[in-house]
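Remarks on the structure that follows.
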Amino acid sequence: MIHYKELGLVNSKELFQKALKGGYAIPAFNFNNLEQLQAIISACVETKSPVILQVSSGARKYANQTLLKHLAKGAVEYAHELGYDIPIVLHLDHGDSFELCKSCIESGFSSVMIDGSHLPYEQNVELTRKVVEYAHQFDVSVEGELGVLAGIEDDVSSEVTHYTKPEEVEDFVSKTGVDSLAISIGTSHGANKFKPEQCTRTEDGILIPPPLRFDILEEIEKRIPGFPIVLHGASSVPVELVRTINNYGGKLKDAVGIPEDQLRRAAASAVCKINIDSDGRLAMTAAIRKYLAENPAEFDPRKYLGPAREALKELYKHKIINVLGSAGKA
Ligand code: G3H
Ligand code: 13P
Ligand code: ZN
């Protein structure tokens, strides 16, 4: 067992309290490789933003748990070397079992999500409470989820959105003891968050999605005032990235995300953690496709991963400064 403090990490409790009071959200960026980690840390250091490094169970398998532990420690030292010590959380994204959460806690995670959102309510409560009881012994924070997002979460996919029922949140939070709650108000995972028929289309073919259900968010805030809320599926799927990918041989069809102004509005509320993965994937893919199309004789991975890392860093800085409002809060 290695405790996260030995790696120089922090849990999310204090960060969330500050974010709630300050009207901003902490970025939760997914990673599974070196270039993503470099981009996240350098973007957060340059903007002086706290950060949550997120690892899904698929990413943990991909990157290897031992390497991840050392990467997280390295991230803390890398930030220091870049000249500014930002608070860094290592978080399990969409944990699906007690055993996985326990294993992550034992290998240095400072925060875990137990996603029982697909279970019947009482089973979700029971599983979440079990994880909280274990995690809190080590001062590890726990995120639970109520309501189901459409789209793909690891191997679990849902065709339809089930919005969070505000009448359940108080009971869930008090019975489980979670530190934060992920809710479903119309966001969704991946790059195709809505079906075209759910959207309106502008004259130049851009899809405009239905707005988030701020009425549900407000109702939830009324029932659990001052409680940290989390938004998953919060990528905006920038039109220019989708165009670049498709212009250089990609085939993304009807990709659509959450408009940034709605995320900014959410960040100013009790939403204090916003999850972004797909936009980073798009930024990397667009840069790599462009580079390889323009330099077909190149075969050194550093030549195309370098620009991809740079594009990713710019994307993260933009999110931090213009969307989440976490710049200068570290
Ligand atoms: O919520 C899902 C995240 O984007 C992680 O995706 O399971 O493909 O690593 P992944
Ligand atoms: P996106 O697919 O919108 O980036 O959401 C990521 C996420 O919620 C990770 O948990
Ligand atoms: Zn998610």
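The values are calculated or read from the model by the stated rules, or taken from the named source; none is laboratory data. Being a predicted model, the structure only gives us computed values, none of them experimental. Every residue, glycine as well, gets a Cβ built from its backbone with ideal geometry; the counts of neighbours run over all protein chains shown. Calculation scope for accessible area: heavy atoms of the full protein, side chains included, ligands and nucleic acids excluded. Shrake-Rupley method; radii C 1.70, N 1.55, O 1.52, S 1.80 Å.
One table, with the values for the structure above:
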item: Exclusive hit being open to solvent by less than 50 Å² (accessible area, probe 1.4 Å), within 16 Å of ligand 2 (Cβ to nearest atom) and either part of a helix (DSSP H, G or I) or closer than 20 Å to GLN36 by Cβ (or both), set ALA283, ALA330, ALA287; result: ALA283
item: Only listed residue being in contact with a helix residue (DSSP H, G or I) (Cβ under 7 Å, 6 or more places away or on another chain) and without any contact (Cβ under 8 Å) to a residue 40 or more places away in the chain, chosen from ILE185, ILE206; result: ILE206
item: Some residue of region 179-195 being open to solvent by 40 Å² or more (accessible area, probe 1.4 Å) and more than 16 Å from ligand 1 (Cβ to nearest atom); result: yes
item: Pick from region 85-103, criterion away from ligand 3 (no atom under 16 Å from the Cβ) and more than 16 Å from LEU15 (Cβ to Cβ), ranking: surrounded by the fewest Cβ atoms within 10 Å (Cβ to Cβ); result: GLU99
item: Residue identified as at pLDDT below 95, of a type outside the set (Phe, Trp, Tyr) and either more than 16 Å from ligand 1 (Cβ to nearest atom) or open to solvent by 30 Å² or more (accessible area, probe 1.4 Å) (or both) among VAL156, VAL132; result: VAL156
item: Condition broken by LEU119, with the remaining ones in (1) away from ligand 2 (no atom under 16 Å from the Cβ); (2) part of a helix (DSSP H, G or I) satisfied; result: (2)
item: Residue satisfying all of: in region 246-280; of a type in the set (Val, Ile, Thr) and not in a loop (DSSP other than H, G, I, E, B); surrounded by the fewest Cβ atoms within 10 Å (Cβ to Cβ) among these; result: VAL256
item: Single condition ILE206 does not satisfy, out of (1) β-branched (Val, Ile, Thr); (2) open to solvent by 20 Å² or more (accessible area, probe 1.4 Å); (3) closer than 30 Å to GLU167 by Cβ; result: (3)
item: Enumeration of residues in region 14-33 that are within 16 Å of ligand 1 (Cβ to nearest atom) and either small (Gly, Ala, Ser) or surrounded by fewer than 24 Cβ atoms within 10 Å (Cβ to Cβ) (or both); result: ALA28, ASN30, ASN32, ASN33
item: Tally of residues being among the charged types (D, E, K, R) and either modelled with pLDDT of 95 or more or farther than 29 Å from LEU252 by Cβ (or both) across region 181-234; result: 8
